[in-house]
Amino acid sequence: MQLVVARIGRAHGIKGEVTVEVRTDEPELRLGPGARLATEPAANGPLTIETGRVHSGRLLLRFEGVRDRTAAEALRNTLLIADVDPAELPEDPEEFYDHQLIDLDVVLTDGTEIGRITEISHLPSQDLFIVERPDGSEVMIPFVEEIVTEIDLEEQRAVITPPPGLIDDSQAVIVSSRDEEASEPGNDA
């Protein structure tokens, strides 16, 4: 199985290094020297990592055969793809690969069916499950412990406890700071 593990960013310096946006929880395993990675677009690869280092909190990689800034810049926005055994699991039992979560049924704690995970969206602050409901509409569920209380791979389901309004708009509670200000004593709004 192929998994996207990083996206190449801009060139760094003049000797062929690039910044990368890491998309794996195991960069030391997937993005170490000697790793050979497929690419998207395929014409840019495969690429073999020659060196890697962290600079100012960013991972910098240099690939075999990429020796100058021009060659490095030509790789910008290329996705790096690792071959992973589908049976392989992350070291941490609380972590999951995207392919393990896609197609899981999403249910409430009482068993009410919400839908099926069709996509995982990786945002800077958190990941989101994109869930297709039985009527074909989609709902986004933040993949946080307070909402996704259980992932059961054997039963192929994700159990959620959504706050009001996340699943059903009619249950949404709208709070406005203007309402609070108007009700304070001395405000004649």
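The values are calculated or read from the model by the stated rules, or taken from the named source; none is laboratory data. Keep in mind that this is a model prediction, so the values were computed, not measured. For neighbour counting, all protein chains shown are included, and Cβ atoms are generated from backbone atoms with ideal geometry for every residue, glycine included. Ligands, DNA and RNA are excluded from the accessible area calculation, which covers all protein heavy atoms including side chains. Shrake-Rupley method; radii C 1.70, N 1.55, O 1.52, S 1.80 Å.
How much accessible area per residue does the chain have, in Å², with a 1.4 Å probe? Provide the component values of the computation, followed by the final result.
Details: 11720 Å² over 189 residues.
Using a 1.4 Å probe on heavy atoms only, each residue of the chain averages 62 Å².
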Discussion item. Given R₀ = 22 Å, what would the calculated FRET efficiency be for Asp135 paired with Gln156, taking r from the Cβ atoms and rounding to 0.05?
Written reply: 0.55
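Ignoring any ligand, DNA or RNA, what whole percent of the accessible area of the chain comes from carbon and sulfur when the probe is 1.4 angstrom? If you can, show how the numbers build up before the last one.
Working: 5530 of 11720 Å².
That share works out to 47 percent.
Where does each of 88-98, 123-133 land if you order them by average Cβ count within 10 Å, highest first? List each step's numbers first, then the result.
On the way: 88-98: 11.8, 123-133: 14.4.
Highest-to-lowest ranking by the protection proxy: 123-133, 88-98.
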Practice prompt. Could you tell me the accessible area of Arg69 in Å² (1.4 Å probe, neighbours in place), rounded to the nearest ten?
Written response: 110 Å²
Item to complete: Calculate the spin-label point distance for Gln126 paired with Arg36, positioning each point 7 Å from the Cα along the beta-carbon direction, and give it in nanometres.
Response: 4.1 nm
Worksheet item: What does the convex hull of the alpha-carbon atoms of the range 1-126 project to on average, in nm²?
Response: 9.1 nm²
